[in-house]
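Input: a single structure, listed below in structure tokens.
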Amino acid sequence: MDFRSFYARFKQAYNEHLKLTETLTVGDVMLIYIKVFHYESSKNKTKDQLHTELN
């Protein structure tokens, strides 16, 4: 359940503010993000916090 909520917030932040390239999917970017920021420390972050870290 935590992962589904995290994915939904991450996807919203990505879709509303980033859309870096059309070759990278939300899932691709999320996997890169998790490698850098680690899932356990990120799973409860808000959409705004995710957006800030993605910039």
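The values are calculated or read from the model by the stated rules, or taken from the named source; none is laboratory data. On a predicted model such as this, the values are computed, not experimentally measured, just so you know. Every residue, glycine as well, gets a Cβ built from its backbone with ideal geometry; the counts of neighbours run over all protein chains shown. Note: accessible area is taken over every heavy atom of the protein model, side chains too, but ligands, DNA and RNA are not part of it. Shrake-Rupley method; radii C 1.70, N 1.55, O 1.52, S 1.80 Å.
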By accessible area with a 1.4 Å probe, ligands and nucleic acids excluded, highest first: order of F3, F37, F10: F3, F37, F10
Under the rule that an exposed site lies in a DSSP loop and has at most 16 other Cβ atoms within 10 Å, name the longest stretch of the chain with no trypsin sites (Lys or Arg not before Pro) of that kind, not counting the sites themselves. 20-42
Solvent-accessible area per residue for the chain (1.4 angstrom probe, square angstrom): 71
How large are Rg and Dmax for the chain when calculated on the C-alpha trace, in angstrom? 10.1, 28
